[in-house]
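These notes concern the structure reproduced below.
The values are calculated or read from the model by the stated rules, or taken from the named source; none is laboratory data. What you are looking at is a predicted structure, and each value in this text was computed from that prediction instead of being measured. Neighbour counts run over all protein chains shown; Cβ positions are idealised from the backbone, glycine included. Note: areas computed on protein heavy atoms with side chains; ligands, DNA, RNA excluded. Shrake-Rupley method; radii C 1.70, N 1.55, O 1.52, S 1.80 Å.
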Protein chains: 2
Amino acid sequence: MDLERIRHAGLRSRVTSARTAAQLIKNGMTVGMSGFTRAGDCKAVPAALAERARQDPLKITLITGASLGHDTDKLLTQADVLARRLPFQVDTTLRRKINQGEVCFIDQHLSETVEQLRSGHLKPVDVAIIEAAAIAEDGSLVPTMSVGNSASFVEQASVVIVEINESVPASIEGLHDIYLPDVRGLRQPIPLLKADQRIGSTTIAVDPAKIAAIVYTREPDSPSNALPPDAETDQIAGHIVRFLEGEVQAGRLTRSLLPLQAGIGTIANAVLHGFGEADFENLVMYSEVLQDSAIALLDSGKLAFASASSITVSQPVYERLLDNMAHYRDRLVLRPQEISNAPELVRRLGIIAINTALEFDIYGNVNSTHVGGTQMMNGIGGSGDFARNAHLSIFVSKSMAKGGDISSVVPMVAHVDHTEHDVDILVTECGLADLRGLAPRERARRIIANCVHPSYREALLDYFERACRRGGQTPHVLEEALAWHQRYEASGSMRTPGASTRRVA
Amino acid sequence: MDLERIRHAGLRSRVTSARTAAQLIKNGMTVGMSGFTRAGDCKAVPAALAERARQDPLKITLITGASLGHDTDKLLTQADVLARRLPFQVDTTLRRKINQGEVCFIDQHLSETVEQLRSGHLKPVDVAIIEAAAIAEDGSLVPTMSVGNSASFVEQASVVIVEINESVPASIEGLHDIYLPDVRGLRQPIPLLKADQRIGSTTIAVDPAKIAAIVYTREPDSPSNALPPDAETDQIAGHIVRFLEGEVQAGRLTRSLLPLQAGIGTIANAVLHGFGEADFENLVMYSEVLQDSAIALLDSGKLAFASASSITVSQPVYERLLDNMAHYRDRLVLRPQEISNAPELVRRLGIIAINTALEFDIYGNVNSTHVGGTQMMNGIGGSGDFARNAHLSIFVSKSMAKGGDISSVVPMVAHVDHTEHDVDILVTECGLADLRGLAPRERARRIIANCVHPSYREALLDYFERACRRGGQTPHVLEEALAWHQRYEASGSMRTPGASTRRVA
């Protein structure tokens, strides 16, 4: 245990066990915990809390940056600790309880959680549990691989528990840029004009008196579970790269494009990998999460700088980052998610936003969250923060799922997260639909022609044409609009039995 | 014809007839025209264009701020001039053609149109037609009762036609504050910190060489067609006022609240009238349109200042404004709609946004635009600009329409404009549902208990409970989700035949 990591000497006496620290959390409390897409989450105290709850039951509201690693959500769910959870999760066990209505899950735009805390719309955070690489002389915290909502949790909580993770090198200090907006009425513009600009401090300010416990850990972040690129994600990447090359040729973008955002997960990661081969230069990212692809683009020199709220990578990339932190620290910055995802900045900078759709419909409405319209998958995350205000709002999906039994393009999405107003470009491995400046009927023709798998194309075109005969700005055959989802629920496939569904147009 | 209104003497020779000016518009052009919710629209040239098109057919794309008065959209539709129309309209004749698929209507967030023009996502404006009260010494234009997108149209067009409206007093000069963001890469924060701040110029800059024609008119704006408050809108206003009074008591707001935005139309106008009786003081508005209610609150002293992009009022209020312009000019400001509706400012200032829903569902998703899910009514307007980033996003509706045959609260909206993520408070005459911090199932119980008309409450509760038995974060009985809309289409009523639908809970 390296006590030198606690540079505020008066705080060294607060070092304790995770078990003792977990006792600070009482039944009914709201707990704000670090962690954003598996990065920089707390490793010891939540596990100790779950352990304790088996003897001494308690319920809490848990707020994080985004998803957690280390099966924390699973452990807390199994110990029946979670009454409410926000704003994002990816855990199978927790997801089941959410969909059974046993845990209240508030699915939020990731930029909005701390605004709602600050406004009093949500009950305030009682206890903050924050992973840090070190505590500075003034008691302030050096975050680890994410910033998330940590700075606001610390500001609001009356009790702060710090987990010092010794596996994170002390050289990480300086990677972060902590800026929090003031309350309304006094608030100034966020002074950020470029992705690589620093506008705040490198550490999270804390009143040292609030630090009630410090726990030492050594465990690395859970590695990313994004899958490697495959033939279909390569095709999706190819469509996007060619489209952006066309924008450069048309003079609407330069070869440095505009700052890029890519959502979490396999497809978005694969799409960025595809930029490695393209004729772009001096790219920058202004995103919420950096995955392997971003680090690869940095290493190859295509990407000049990347700003985000977390770094979620595979184990080898994680180790390379930690081993060369001083090198990467000049090319990366991690910010509070309220800043990485700020609508103000997304519009000012003119972000090119690439996010994943679960399904989309013929008019370009996107479902990012609800399988079959009812079952929560993960949450909307930051996709709405970016899509609404982006220079270009791109959504990607494979054209089919479940071996072809699900078409990702449907007559009407069974749940809407992004309305057609916020969707400029749709891409599947089949092709890209550029929807800018089109009315809904024009959008439908282009989506059906370019994005739908050929084996579903005819059925969708038939639906659309029959809908048009009924009329409307956004024509639908209302009694059939959700029939594809119903058919999948009833028969295990969206395909019509007996129809010649394998015909290729 | 008062040529003194053209203070740039060199431009006086460009005065001509509307008919001659209309000749400047060629087939296939994109025309950007002033006008926002009937205010400050052009009166003579569009009518002359429609007249000409009867002999000499042509098609254009017409972009405005928002809706127009003087039956302009009707005249242009009847003359078959409109190929494409954006971003908003309210005309019955045009609406019919849109819903028949004969005019391509692009329904947009009102803050986004000029951003898309600037980015090249939309074809550039060829000709701008702008109503002005005067032309200044440097050729710049003094707008009339709206700003809308006029400054950007003028910037982009190579040909500018000005309609000088002599019925608007010259004393209107100074009412406006014209600020346009720079292109991306060079863009600074919008420096506005308070609703009453002025950050730009009082006139719209133009290169005088682009002014190809000046036409004189004398016609006032078409008066607002908002209906007077009634018993139900009074009840809605009462619920909102009591809710906000509760927020003041809880210490989350002061008695000056935060800047108010109210959508266009009867209900939003009536809600603001209700603020006249409430225990608030020194209110300010940061809205897109000011209606009669805003002027009444100004006159009574409740409202200290109002910022918007247009003023759309009844004839007596219009006359009072024009007759006392020097007085009102100090308490009002009109801005480009990109600034009045800027997401950056809506979040920074912490707007309380009150907008009208066509229908909403038990989870709080809102349909603002599509009757029966398919037929366009008016457009999304600025509701999304405000709802997404507001301090409080409030949507209002009467609980029923068509004499009770339509419930405004349905199992699933047949078209989504605002997802549950962007909706904090729902209000009907029956009551108010405060949805802050609630998970979807909790939202449903509160909406059904508080907002639904008693004669539909039992049926909705029954739907919700059966849906919950199927499970999910957002439970639905998919095959019944749109059945209420289908029933209305088939039978003229959402009520189930034979069911005891008049039971009052």
- [ ] Quickly run through the stretch A:456-470 and pick out the residues that are open to solvent by less than 10 Å² (accessible area, probe 1.4 Å) and either more than 24 Å from A:E442 (Cβ to Cβ) or at the interface with another protein chain (Cβ under 9 Å from one of its Cβ atoms) (or both).
- [x] A:A467
- [ ] Of the numbered conditions (1) open to solvent by 30 Å² or more (accessible area, probe 1.4 Å); (2) within 14 Å of another protein chain (Cβ to nearest Cβ); (3) of a type outside the set (A, V, I, L, M), B:P497 fails exactly one; give the number of that condition.
- [x] (2)
- [ ] Of all residues in the stretch B:184-231, count the ones that are under 21 Å from the mean Cα position of the chain (by Cα), away from chain A (no Cβ under 12 Å) and either within 28 Å of B:I129 (Cβ to Cβ) or open to solvent by less than 30 Å² (accessible area, probe 1.4 Å) (or both).
- [x] 7
- [ ] Considering only the stretch B:313-344, state which residues are β-branched (V, I, T) and open to solvent by 10 Å² or more (accessible area, probe 1.4 Å).
- [x] B:V317
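Results for (1) more than 30 Å from A:P440 (Cα to Cα); (2) more than 11 Å from chain B (Cβ to nearest Cβ); (3) in contact (Cβ under 8 Å) with a residue 12 or more places away in the chain, shown as yes or no for each residue.
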residue	(1), (2), (3)
A:S309	yes, yes, yes
A:T312	yes, yes, yes
A:A326	yes, yes, yes
A:I339	yes, yes, yes
A:I362	no, yes, yes
A:M377	no, no, yes
A:I394	no, yes, yes
TODO: Among the residues of the stretch A:428-437, write down those that are under 21 Å from A:I236 (Cβ atoms) and within 11 Å of chain B (Cβ to nearest Cβ).
DONE: A:D434, A:L435, A:R436
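Restricting to the stretch A:123-144, name every residue that is of a type in the set (V, I, T), under 21 Å from the mean Cα position of the chain (by Cα) and assigned to a loop (DSSP other than H, G, I, E, B). Full working, then the answer.
Initial filter on the stretch A:123-144 (of a type in the set (V, I, T)): A:125, A:127, A:129-130, A:135, A:142, A:144.
Now restrict to residues that are under 21 Å from the mean Cα position of the chain (by Cα): A:129-130, A:144.
Once the filter is applied, which keeps residues that are of a type in the set (V, I, T), under 21 Å from the mean Cα position of the chain (by Cα) and assigned to a loop (DSSP other than H, G, I, E, B), the stretch A:123-144 yields only A:T144.
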Open item on the list: Looking at A:E173 and the list (1) at pLDDT 95 or above; (2) open to solvent by 10 Å² or more (accessible area, probe 1.4 Å); (3) within 14 Å of chain B (Cβ to nearest Cβ), which single condition is not satisfied?
Closed with: (3)
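Run down B:L76, B:L86, B:L82, B:L68 and say which single residue is of a type outside the set (D, E) and without any contact (Cβ under 8 Å) to a residue 24 or more places away in the chain.
After applying the criteria, what remains is B:L82.
Here are some residues: A:L244, A:L253, A:L272. Which one is within 27 Å of B:R118 (Cα to Cα) and assigned to a loop (DSSP other than H, G, I, E, B)? Don't jump to the end; show me each part of the working.
On the way: A:L244 fails: assigned to a loop (DSSP other than H, G, I, E, B); A:L272 fails: assigned to a loop (DSSP other than H, G, I, E, B).
Sole residue among the options that is within 27 Å of B:R118 (Cα to Cα) and assigned to a loop (DSSP other than H, G, I, E, B): A:L253.
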- [ ] Answer yes if at least one residue in the stretch B:406-416 is within 11 Å of chain A (Cβ to nearest Cβ), touching a Ser or Thr at 6+ places or on another chain (Cβ under 9 Å) and either without any contact (Cβ under 8 Å) to a residue 12 or more places away in the chain or polar (S, T, N, Q) (or both), and no otherwise.
- [x] no
